[in-house]
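Colleague: The structure is given below, and queries will be raised subsequently.
The values are calculated or read from the model by the stated rules, or taken from the named source; none is laboratory data. Quick caveat: nothing in here was measured; it's all calculated off a predicted structure. Here the Cβ positions follow ideal geometry from the backbone for every residue, glycine too, while neighbour counts run over all protein chains shown.
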Amino acid sequence: MLKSCVMARLATVAIIGRPNTGKSTLFNRLIGRRKAIVSDTPGTTRDQIAARKTGVELDYIVIDTGGIGGGSEDTDFEDDVERQSVLAVENADVIVFTVNSRDPLTKSDFTVADILRKRGRGHVPVLLVLTKCDDPEATEEVLPTFYELGMAENIIPVSADHNSGIAELESAIEEHLRKLHFVRTPESETKAPRIAIVGKPNVGKSSLVNAFMSDSERQKGAIIVSDVPGTTRDAVDTEIRYHDRDYVFTDTAGIRRRKDTEREIEAYATFRTIREIEECDLVVLVMDATETLSRQDKRIAGLAVDAGKALIILLNKVDLTNADTRELRLKEIEGYFQFCKFAPVIPVSAKTREGLLKIFDHIETAVRNRERRIATKDLNEWYRRTVYGQPMGEIGKSKHITQSDDIPPTFVVFVRDPKKVQVSQLRYLDNSIRKTFAFEGTPIRWISKAG
């Protein structure tokens, strides 16, 4: 049985500008939490960082890019950062162009404006945002000079530190997105988990999705419900029913070798992966068992963890390796991915279908754990047992913990001085709670708060 369906796409809003114009501070203010690294050193943000923004009338993905136009103290990475930022310009639905109100216009500002004219899509609106506007009188005095960029009829002055002008910016973003016919993503009637199949090119992502379909067809009661090509992005959504349960797999394998360099392909892959990760419930990171692990693999896993998504690692093409190589690769993964030890690692082969159907049980477990809420009584009893008699410093003195959110599980420990809480102590809590309540497949967030 086939049915037609259209998967709504989240809009993408890219924050663009030369280094040190306050992009990361603005990003943190827009998403409501401190996620991007903020520093007075130009060029601190090397890789794109993204987060989902829940707006008044619709939701969208905000991307914080590295600086364009030079000025970074890290010249070795400047070209790579600019390449990724240009890709964001070429793929964004709304562009927020930041300029620093405390500095006169620079050659780099005009370079960014020129890139936006040449590389931006004609229908994509550009919002010119004047940052660091902490003094209204000083802002009013310098405002006319920034019209020289010729990028917008209206300039939006903001102070991310003081939350000034942010509401106006958010309203302008949503207004432009509505004009582009974006709407809030509707809730799925079936609540089918959305699973992003991600990884480097040529690791077998498409082959795995095809193998899932072939195997599920042979199972009792398993049918392919739909195979819908994405209309506004280079991805394919495949809805599969397995044992009377629907799953939506998003294959991001549309990257092809054109005239691009290896670095451009990697940057484009990262941009596409960011979007898919932000829209999914669970990430399946696919790696090639015949190749050593790479920085790109680690980066993708890090994006999933930062976004609070459930995570499963598939080691594909194990049919092409012997037992020693397979064992070596599994040990490499164990050492390389210490930050996401919660993610199950499954050796599979899309060709022979070895280990393939195990993924559905792991998906169910990971998705369920990502939505788990621990009863307050059970949580506090666990906490007292865990910290009793342990050298836990400030945390050991605390008598109150609560679960503030359940997607992903987020726990708040109330202490006298949060600055004295050590990362190793939170890691101890994380290991302990996983032993008691499982949480396989999902990241856990820990917050220490004064109280």
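Colleague: Can you tell me which residue in the stretch 346-375 is surrounded by the most Cβ atoms within 10 Å (Cβ to Cβ), limited to those that are within 24 Å of L429 (Cβ to Cβ) and among the aliphatic types (A, V, I, L, M)?
Modeller: A366
Colleague: Something else: Taking the residues in the stretch 171-184 that are surrounded by fewer than 17 Cβ atoms within 10 Å (Cβ to Cβ) and not hydrophobic (A, V, I, L, M, F, W, C) as candidates, determine which candidate is nearest to T98 (Cα to Cα).
Modeller: Out of the qualifying residues, it is S171.
Quick grid of which residues meet (1) of a type in the set (D, E); (2) in contact with an Asp or Glu (Cβ under 9 Å, 6 or more places away or on another chain):
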site	(1), (2)
D109	yes, yes
D114	yes, no
G120	no, yes
K132	no, yes
A138	no, no
V142	no, no
I173	no, no
K191	no, yes
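Colleague: May I pose another question? Say we look at the stretch 442-451 and pick out the residues that are out of contact with any Lys or Arg (no Cβ under 7 Å at 6 or more places or on another chain) and part of a loop (DSSP other than H, G, I, E, B); which of these is modelled with the lowest pLDDT?
Modeller: Per the stated criteria, the residue is G451.
Colleague: Only one of I363, I433 is outside the structural domain of H243 (by TED's automatic domain parsing), under 30 Å from A192 (Cβ atoms) and assigned to a helix (DSSP H, G or I); which?
Modeller: Residue meeting the stated conditions: I433.
Colleague: Take the stretch 326-360 and flag every residue that is under 22 Å from A192 (Cβ atoms), part of a helix (DSSP H, G or I) and not β-branched (V, I, T).
Modeller: K358, F360
Colleague: Can I ask one more? With respect to the numbered conditions (1) in contact with a strand residue (DSSP E or B) (Cβ under 6 Å, 6 or more places away or on another chain); (2) closer than 17 Å to V96 by Cβ; (3) surrounded by fewer than 20 Cβ atoms within 10 Å (Cβ to Cβ), which one is the sole condition not fulfilled by T131?
Modeller: If we test T131 against (1) in contact with a strand residue (DSSP E or B) (Cβ under 6 Å, 6 or more places away or on another chain); (2) closer than 17 Å to V96 by Cβ; (3) surrounded by fewer than 20 Cβ atoms within 10 Å (Cβ to Cβ), just (3) comes out false.
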